[in-house]
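Every number in this text was worked out from the coordinates using simple rules, so none of it is lab data. For clarity, every value in this text was computed on a predicted model and none was experimentally measured. As a convention, Cβ positions derive from the backbone with ideal geometry for all residues, glycine included, and neighbour counts pool all protein chains shown.
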Amino acid sequence: MTATFDPDTGRATLDRVSFDALLALAAGADPPARGLEKAQEAGLVSGSSLHPAVRTPIAAAADPVAVARLEMRNEEGKLVVGECWVSTEAATYLVGQPGGDLELISTAPSFFPVSISRLVGLSPRPRTGFQPWRMPREMVDDTLCDDPERRLTATTAISGSAGDEATTAYADALAKGPWWYWNLGVHWPGTDESDGARSLHIVDTQLGMAILSLSDELIAVDPTNPTEVFWLLTAILPRDNELAFAPAMPS
């Protein structure tokens, strides 16, 4: 593919080798030749210097405070992945389907929750009234797979154990689609006060949203809504006291 770049917004469409070339230049390393050539052709690089519009975003990706990975998958098996790097200066996102074109986006770090909300299409939804349920981990894979027969077997079991109309309707929505399941995992160097990770697992259907979480050895499925999900996104990045900053070097 041919890389494209809008210097006014800093947004670019590129492939992985081109992005790797930008990272290498930011780190002072030798970039892959083909990636460098594509980046130069797009105007992302002049000689061996990054365009000013992408210097801060690429520096954030080269030396982040925290890294995140967003995976979005629907009932037809479509997969969209977003890799995210957050520094004190910028949040950088590389988004696309595996093996396809990737979109390079950057925002201020404080816009991270808003950016993720836009990527997953967070918007007003009905609040479903299904009864929370628990299921084995392997049953999650069956419930949220792209095989209609496996989904139907799993969701029929959910309906049978619930016994109320709202839960049966929600299980039916999972069986038939459409839906998106997305998960966001954030990692950073941990401290005694933090293990250096947080994650969020959400199912989004036409009947409302559900949140998945670990409950003992089972997966808990509970109703949620966009407001609650956005609040969780605002708290998913590490706080200052959770970060293991390197000590300052003596002058």
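Key figures for this structure:
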quantity	calculated
Sum of -39500 (n - 2.57) over DSSP H runs of 4+, divided by residues of the chain (222 nm, nearest 500)	-10000 deg cm²/dmol
Calculated P(r) of region 55-197 - Cα pairs past 24 Å, %	46
Helix axis angle, 33-42 relative to the chain longest principal axis, alpha carbon, degrees	90
Rounded to 10°, Cα long-axis angle of helix 165-176 versus longest principal axis of the chain	50
Around Lys176: net Lys/Arg minus Asp/Glu count, Cβ-Cβ under 14 Å	-4
Kirkwood Rh (inverse of mean 1/r, distinct Cα pairs), region 122-251, angstrom	16.4
Nearest 10 degrees, 0 to 90: helix 52-62 Cα axis against the chain principal axis	60
Reciprocal of mean inverse Cα separation for region 127-176 (Kirkwood radius, Å)	10.7
Kirkwood Rh in Å, taken over all unlike Cα pairs in region 1-134	15.9
Debye log10 I(q)/I(0) for region 1-45, one point scatterer per Cα, at q = 0.26 Å⁻¹	-0.85
Student exercise, the chain dipole from Lys, Arg, Asp, Glu Cβ charges, in Debye to nearest 20	420
Centre separation in Å (Cα based) which lies between region 91-138 and region 1-77	21
The chain: proportion of alpha-carbon pairs further apart than 30 angstrom, %	38
Segment Ser49-Glu76, length gained on full extension (0.36 nm per residue, minus Cα span)	5.5 nm
For Arg134, net neighbour charge (Lys/Arg +1, Asp/Glu -1) across residues whose Cβ lies under 12 Å away	-2
